[in-house]
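I have placed the structure first, in the form of structure tokens, so that the comments after it can refer back to it.
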Amino acid sequence: MLENAAVKPNRAPVQVGKWRRMWAKVRKQKMLLILLIPAILYYFIFNYIPMYGVLIAFKNFKMDAGDSFLSTILHSPWAGRFGLDHFKEFMEGPYFLKLLRNTFLLGFYSLLFGFPIPIIFALLLNELRNKYYKSFVQTISYMPYFLSVVAVVGMMKMVLSPSTGFVNVLLTKLGLQPIYFMALPEWFRFLFVSSSIWAGLGMGAVIYLAALSKVDGEQYESAVMDGASRLRQMWHITLPAIKPVIVITLILNMSGILSVGSEKIILMYNPLTYDTADVFSTFVYRRGLVELDFSFGAAVDLFNAVVNVIFLVTANYIARKVADESLW
């Protein structure tokens, strides 16, 4: 009892001191915090307030059920006893497995090939000693990132055209038959992933180059004095320096493995490539916006979001256990 009585009075001063230090930091950095207000308001107004619309996924949305959008949602009837009829219909439908397979494979291939390539590119750029050549290569690698998706897909269609495209003209001159790349399902994933890697290579390497710029040059000098080769220096100095950035980026990419956007796919696919190109987002676009089945489209999109959250939490847990790095 005496020990407990002696410990309790010491807790309050510790908490008070903690809050005082926090408020001191707030006062010191108040101008930076004020600059955050517009961003916070943006996300609150455009991301959090509209989240009540997720109720559509659990209801049979009727546009004439109320006077306003909110009242329309609230007065629309529930989809089944627990509002899960749309989810049940989707998961028992004939398109569920195909959409899951296509979305997962596109996301997985993008992660498998698209994640390490910017890291390798950043490591190679870091090894260049000619700063002018290094700046030139960096600038050239950034340029595709600023092209719109429409421009990238348009360039692909021009280059891969079966009659006038550079690739097929070259194949014809080599005595081979031209290939209609954009109409063959087996080529869709390769074209989608490779074009994404090409467009995002330079910008994807920026974050790793920023991390490498903070590495102490004396570590490389010491390694050279110890007789370490360039490869050894890269393995024992460069990679450990960017390990936290690699892990965090991998976790974020894992969370979007099923978040394959619809814009590029809609521009690339056609009925001939649906077997490998149709994903959750394109299905939501056709069912929710084209066919005006808002409730079913919202249910599919919500299912996709929940699965992505599961991937994020799982990747964060594995990274924390294996690499001692995590988002939280």
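The values are calculated or read from the model by the stated rules, or taken from the named source; none is laboratory data. Predicted, not measured: the structure shown is a model, and the values here were computed from it. FYI the Cβ positions are ideal-geometry reconstructions off the backbone, even for glycines, and counts take in every protein chain you see. Note: accessible area is taken over every heavy atom of the protein model, side chains too, but ligands, DNA and RNA are not part of it. Shrake-Rupley method; radii C 1.70, N 1.55, O 1.52, S 1.80 Å.
Considering the range 85-138, the residues that are at pLDDT below 90 and among the polar types (S, T, N, Q) include one that is farthest from the chain's Cα centre (by Cα), namely ASN130. Among the residues of the range 166-180, those that are open to solvent by less than 100 Å² (accessible area, probe 1.4 Å) and either assigned to a loop (DSSP other than H, G, I, E, B) or aromatic (Phe, Trp, Tyr) (or both) comprise GLY175, LEU176, PRO178, ILE179.
Meeting the requirement of 3 or more residues that are crowded, with 16+ Cβ neighbours inside 10 Å and touching a residue at least 24 places away in the same chain (Cβ under 8 Å), the helices (runs of 4 or more DSSP H) wholly within the range 59-165 are 85-92, 96-114, 116-127, 149-159. Restricting the search to the range 218-269, which residues are in contact with a Leu (Cβ under 7 Å, 6 or more places away or on another chain), of a type in the set (Val, Ile, Thr) and open to solvent by 30 Å² or more (accessible area, probe 1.4 Å)? The one that is in contact with a Leu (Cβ under 7 Å, 6 or more places away or on another chain), of a type in the set (Val, Ile, Thr) and open to solvent by 30 Å² or more (accessible area, probe 1.4 Å): ILE248. Checking ALA79, ALA39, ALA65, ALA57 one by one, the residue that is at pLDDT 85 or above and more than 18 Å from ARG287 (Cβ to Cβ) is ALA39 and no other.
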